[in-house]
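The values are calculated or read from the model by the stated rules, or taken from the named source; none is laboratory data. Given the structure is predicted, the values throughout are model-derived calculations rather than measurements. Counting neighbours? That spans all protein chains shown, and the Cβs are built from the backbone with ideal geometry, glycine included. The area values use the complete protein model at the heavy-atom level, side chains included, leaving out ligands, DNA and RNA. Shrake-Rupley method; radii C 1.70, N 1.55, O 1.52, S 1.80 Å.
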Amino acid sequence: MLEEYVSEMMQCTSCSFCTVTCPVMNVLLTDASSPRGRVQIAYGLYTGELEPDKSVAKRLYECTTCGMCDSTCPSGVHIVDVIKAARKVVYPQLAVEKQKNFAGNISEKGHTYGEEKEPIWAFTGFAPKEKAEVAYFMGCKVSAETGHAQGIAAVNLLKYLEENFTTLDEVCCGAPLVNVGAPEEKIRAQMEKNLGEIRKRGVKKVLFSCPSCYYMFAKVYPNHTDVSDIEFQHIVEYLDEKGLKPEDFEAGTEPITYHDPCHLGRVFGVYDAPRNLIKSIPNADYKEMEHNRESSLCCGAGGSLALYEPSLTKKMADRRIAEAGERTIVSACPNCIGNFSKHTKAISIEELLWDMLRR
Ligand code: SF4
Ligand code: SF4
């Protein structure tokens, strides 16, 4: 797998542009914890100059896959892909127990948290229909990190708009497996179950509340199989296109700000849709954080870092929370919301819109 990236790794000129922007590097302040350091470690693993050991694994797993480095690298190195490929080398021997348990739960039980519980759709109270052109894929992180609330609000909004949609008898999209470096066959098994379910119901368009699920379907699944017959979209884009109007909402909000999730922003360029929706609320008390849109700071929970080194996740979240000040953080990613909610007030954009709707 690393051999696919040899020419990219060799394109690195050690310019350090990625280093100054990496949110992990800005906390740890060691070059080995910089994106270029991780690329050099990956190259060392490829050539055999480095043995996979604990310190190597530490540098590779201390990354949230936020993509800030990819967007700043002038040499076009796909640094996040290199890091993910290198994680596959260290995963069998050096992933920590929490990461292994997490991956094991997905393969055995279909979702990330392992307790025997109802199917994910059941938490919305809206059972899958036999056939529908539009489907809502809730995602197990939505269930676990927002106490199902983000998914329930999303379903309520779609019902409010009188959309003919279905939920799905879904399993985890496989993103956490990619993040820890689990074997390809485990990721493929999740993909096949989900695509079988989607096609069985005649679905042509799938909506997501979780940017990582969206990323898996739109960017990773196509590397394995043809999905050109299905369209994928984050629900904020869909709701924005539907054009909720100021008269749909009660006026005013508590002081709020919006946190751009890394994948939704840097990978898909979705910056305007959530802001348009928030600004549809008359007299919303809204203010941007210092780092926003393309320069948004990672919440610290991505890329399995919250499992590997929760104290580092906390330090990264603290930086972002300081920018938000007293404002409630609104976001469009269950992982960000779950992470911020441990330390401050945070809510999904679906819940905000549903709470504010006149109905
Ligand atoms: S993906 Fe983010 S955390 Fe990881 S190396 Fe790049 S900038 Fe740093
Ligand atoms: S920005 Fe790109 S070329 Fe420059 S050090 Fe980072 S990975 Fe290497």
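Multiply the residue separation of K54 and S71 by 0.36 nm, subtract the distance between their alpha-carbon atoms, and state the gained length in nm to one decimal. Could you put the intermediate results ahead of the total?
On the way: separation 17, 0.36 × 17 = 6.12 nm, distance 2.86 nm.
Taking K54 through S71 to full extension adds about 3.3 nm, to one decimal.
What is the calculated FRET efficiency for E294 to E118, with r their C-beta to C-beta distance and R₀ = 45 Å, to the nearest 0.05?
Working: r = 39 Å, r/R0 = 0.87.
In this case the efficiency is close to 0.70.
Any idea of the accessible area per residue across region 247-356, 1.4 Å probe, to the nearest Å²? Please list the in-between numbers first.
Working: 4060 Å² over 110 residues.
Spelled out: the 1.4 Å probe surface of region 247-356, per residue, equals 37 Å².
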Would you mind checking region 159-183 for residues with the amide N under 17 Å from a putative spin-label position 7 Å along Cα→C-beta of K100?
177, 180-183
Per DSSP H run of n ≥ 4, the term is -39500 (n - 2.57); total these for the chain, divide by its residue number, and report the mean residue ellipticity at 222 nm rounded to 500 deg cm²/dmol.
-13000 deg cm²/dmol
Taking the Cα centroid of region 52-81 and of region 115-155, what is the distance between the two, rounded to the nearest whole Å?
32
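If you put +1 on each Lys and Arg Cβ and -1 on each Asp and Glu Cβ, how big is the dipole of region 247-356 around its Cα centre, in Debye rounded to 20?
Details: 12 positive and 17 negative charges, 114 e Å.
Computed charge dipole of region 247-356: roughly 540 debye.
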Could you work out the relative contact order of the chain? I mean the mean sequence separation of Cα pairs under 8 Å and 6+ apart, divided by the number of residues, in percent.
18
16 Å Cα-Cα reach of K84 towards aspartates and glutamates, excluding residues that sit fewer than 8 places from it in its own chain
E3, E4, E8, E62, D70, E184, E185
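Tell me, what % of the accessible area of region 134-266 is carbon and sulfur with a 1.4 angstrom probe?
Numbers: 2050 of 4480 Å².
Ligands and nucleic acids excluded, carbon and sulfur reach 46 percent.
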Gaussian network model of the chain, Cα springs within a sub-10 Å range: biggest mean-square fluctuation belongs to which of F340, F249, F165?
F249
Please identify, among C333, C12, C22, the residue showing maximal mean-square fluctuation in a Gaussian network model of the chain using a 10 angstrom Cα cutoff.
C12
Summing Lys, Arg as +1 and Asp, Glu as -1, what charge do residues with Cβ under 11 Å from the Cβ of D248 carry, D248 excluded?
+2
Just grab the label-to-label distance for N283 and K205, each label 7 Å out from Cα along the Cβ direction, in nm (one decimal).
3.4
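Of the GluC sites (Glu not before Pro) in region 267-359, which ones lie in a loop per DSSP and count no more than 16 other C-beta atoms within 10 Å?
Details: sites: E288, E290, E294, E323, E326, E350, E351; in loops: E288, E290, E326.
Those that pass, being in a loop and sparsely packed, are E288, E290, E326.
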Distance cut-off 21 Å, Cα to Cα: go down the list K54/K88; K58/K342; K129/K200; K117/K314; K279/K315 and report the pairs above it.
K58/K342; K117/K314; K279/K315
Estimated vicinal HN-Hα couplings, Hz - region 152-169 in sequence order (Karplus 6.51, -1.76, 1.60; Gly, Pro = x)
4, 5, 4, 5, 4, 5, 5, 5, 4, 7, 6, 6, 8, 10, 10, 7, 10, 7
Can you find, among T30, S7, N194, the residue farthest towards the positive end of the dipole of the chain? Put +1 on the C-beta of Lys and Arg, -1 on that of Asp and Glu.
T30
How large is the accessible surface per residue of region 99-240, computed with a 1.4 Å probe and reported in Å² as a whole number?
38
Once Lys and Arg are counted +1 and Asp and Glu -1 for all other residues with Cβ under 14 Å from that of I41, the total becomes +3
By the C-alpha gyration tensor axes a ≥ b ≥ c (rounded if a/c is under 1.5, else prolate when a/b exceeds b/c, else oblate), the shape of region 217-347 is oblate
What is the local net charge at E294, summed over the other residues whose Cβ is closer than 15 Å to its Cβ (Lys, Arg +1; Asp, Glu -1)?
-2
